[in-house]
Amino acid sequence: MPTFVQILDFIGTFAFAISGIRLASAKRFDWFGAYVVGFVTAIGGGTLRDLLLDVTPGWMTDPIYLICTGLALVWVIFFGKYLIHLNNTFFIFDTIGLALFTVVGVGKSLALGFPFWVAIIMGSMTGAAGGVLRDVFINEIPLIFRKEIYAMACVVGGLAYWLCALVGLDDVVCQVACGVMVFVTRILAVKYQICLPVLSGNEH
């Protein structure tokens, strides 16, 4: 039986793959190109995290990530005409992936014995790095570098995980709190246009 974190990982993979494939289809990529974008979106952050944590990336030992991306491609092929015209679908799937992958990144780092500050960074990387690669592949400025609250939502979720663990709450409660905080932070930031200040150069 897969663990709770593994289930989150699979759902996150599917959600992120859909967000990547949906954007690729909007840019008129062919099926193979869209699959590659979806796969990189889904595994990019986790791969970077695993390399830094000195473990073998999950997709190299388990074909489920390739299968999840394939299912996401089939989903977009059949329901693409509805998805393409709904900008909110990209946002929702991307936010779900962001939340779930942050939980997975924090949980995996802690399971390997790393301190919480490393876990929060790894959670943020797991959540945000795949989206950066996706945006580079489709020739867009990555969301993480724009004013939108994106990676900061991962940090907020990681801090929620840490605070829950600090008061001795169960692991699953910590994981749920982390995911919910990432999701809610991102939703509220976009809804109310909350953003970080833009760094402007001093022009003379």
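Each reported figure results from applying straightforward, stated rules to the coordinates on display, with no laboratory input. Owing to the predicted nature of the structure, the values given are computational and were not obtained by experimental measurement. Reconstructed Cβ throughout: ideal geometry from the backbone, glycine too, with neighbour counts over all protein chains shown.
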Between L112 and V136, Cβ-based FRET efficiency (R0 41 Å, step 0.05) works out to 0.90
For the chain, the charge dipole (Cβ of Lys, Arg +1; Cβ of Asp, Glu -1; about the Cα centre) points to a positive end, and the Cα of G127, T185, Y65 closest to that extreme belongs to T185
Taking Cα pairs closer than 8 Å and at least 6 residues apart, the relative contact order of region 4-191 in percent is 25 percent
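If we sort 66-76, 36-46 on the protection proxy, mean other Cβ atoms within 10 Å, highest first, what's the order? Can you show the working numbers first?
Numbers: 66-76: 19.5, 36-46: 26.5.
Highest-to-lowest ranking by the protection proxy: 36-46, 66-76.
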The answer for trypsin sites (Lys or Arg not before Pro) in region 1-110 that fall in a DSSP coil and have at most 16 neighbouring Cβ atoms within 10 Å is K27, R28
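With Kirkwood's inverse mean 1/r over C-alpha pairs for Rh, give me the Rg to Rh ratio of the chain, two decimals please. Show your work: numbers first, answer last.
Details: Rg = 16.7 Å, Rh = 17.0 Å.
Radius of gyration over Kirkwood radius for the chain works out to 0.98.
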Using alpha carbon centers only, region 38-104 is separated from region 142-204 by a whole-angstrom value of 19 Å
If the chain between I187 and I11 were fully extended at 0.36 nm per residue, the gain over the current Cα-Cα distance would be 61.5 nm
To the nearest 20 debye, region 1-86 has a Cα-centred charge dipole, built from +1 on Lys and Arg Cβ and -1 on Asp and Glu Cβ, of 460 debye
Subtracting the Cα-Cα distance of K27 and V74 from 0.36 nm times their residue separation yields 15.2 nm
Candidate cut points under trypsin sites (Lys or Arg not before Pro) in region 109-154, DSSP loop plus at most 16 other Cβ atoms within 10 Å of their own Cβ, are R146, K147
Of the residues T56, L169, A34, the Cα lying farthest along the dipole of the chain towards its positive end, which is defined by charges on the beta carbon of Lys, Arg, Asp and Glu, belongs to A34
